[in-house]
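Note sheet for the following structure.
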């Protein structure tokens, strides 16, 4: 079974745009779980333009499914937050300061030493680790030697090519997932996965442990409602 983890950053963005606490990030996370999500994902950034560090601490107290914290471990404050909160999973993402959204995976060869040290620290604390990577076999193979438990395949290129040639779009991901599985890595995926392209991805990329979806899912919820939307995404993964 592929688990659906809902990224609630966009809920926090909406809240922050007006001030106050509407919508309530904590309540939305609880509702996502109640509606069938198997995990909650957040991606706090140093400028706290969406999820705030205080949100992460509050969410840890109430999330009963898998809690996944994404972020750039080059920021000492991120490492401190993860070690304090101790989520079920930490996903390491090579974001630059001020970056609007994640747009590439790690160079796991160049950053081998850094990743190895960070992953050892998180795993010693009992936190499962995942590395954000592009679907490039060399990057997958180098990820395996860092000691990580999983990789998360960066899927924006797949989403961009999907409507033009879905078979070609998914080809590199099939190969990357197969190689990762051979190396004993778990496989997550995320970024621009949607109701339009998710079922095809799931049917062609195996094994697939988890997908993390935020922007498209929240956009769909404006039309279909949050409960119905979560069920539609779960159906696409079934």
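Here are the numbers:
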quantity	calculated
Pairwise FRET efficiency - residue 167 versus residue 125, Cβ, R0 = 45 Å, nearest 0.05	0.60
Virtual spin-label span in nm between residue 86 and residue 224, 7 Å along Cα→Cβ	3.7 nm
Linear extension gain, residue 77 paired with residue 182, 0.36 nm per residue minus alpha-carbon span	34.3 nm
Stretch gain in nm, segment residue 200-residue 114, where the contour uses 0.36 nm per residue and the Cα spacing is subtracted	27.5 nm
Relative contact order of the stretch 3-237, pairs being alpha-carbon contacts under 8 Å that are 6 or more residues apart, as %	18 percent
Gaussian network model of the chain, springs between alpha carbon atoms under 10 Å - residue of 113, 214, 71 with greatest fluctuation	113
Relative contact order [Cα under 8 Å, 6+ residues apart], the stretch 1-127, whole percent	19 percent
Along each principal axis, Cα extent of the stretch 63-175, largest first, Å	45, 30, 29
Contour excess over end-to-end distance, with Cα ends at residue 60 and residue 138 and 0.36 nm allotted per residue	24.6 nm
Label-point gap, in nm, between residue 18 and residue 215 - each point 7 angstrom along Cα→Cβ	2.3 nm
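Computed from the coordinates by the stated procedures, all read-outs in this text should not be read as laboratory data. What you see is a predicted model; the values in this text were computed from it and never measured. Every residue, glycine as well, gets a Cβ built from its backbone with ideal geometry; the counts of neighbours run over all protein chains shown.
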